[in-house]
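To keep things clear, I will list the structure first and then write my remarks on it.
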């Protein structure tokens, strides 16, 4: 399939696909006329990348998942490097949630100390 069809089937843009290629995440084959050619395995790679990006992963964090698929695994998270990325991301999220909870608690405490009387000028 050509780049436009891959983009359409993967729900992304040709520009994104070219960017993934420039980053070494996607490897296009070239037809005799110079056009990029892709197959179903490339579609699977792009779907994996898009899925991870949608849940907050940075593009570089998708690399172990892509490499895992390229190695012939049926899932991008079947490899130890991918699992380690999951662990790091989960730790980041837990730290962020803890920080937000702390801020929420401080704001709630501050709000309790504020009087309900209207402000006089």
- Item | Meets criteria (farther than 19 Å from residue 1 by Cα, in contact (Cβ under 8 Å) with a residue 24 or more places away in the chain and surrounded by 10 or more Cβ atoms within 10 Å (Cβ to Cβ)) for residue 102 | no
- Message: Among the residues of the stretch 56-68, are any modelled with pLDDT under 95 and out of contact with any strand residue (DSSP E or B) (no Cβ under 9 Å at 6 or more places or on another chain)?
- Response: yes
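The values are calculated or read from the model by the stated rules, or taken from the named source; none is laboratory data. What you are looking at is a predicted structure, and each value in this text was computed from that prediction instead of being measured. In this analysis, Cβ positions are derived from the backbone assuming ideal geometry, glycine residues included, and neighbour counts consider all displayed protein chains.
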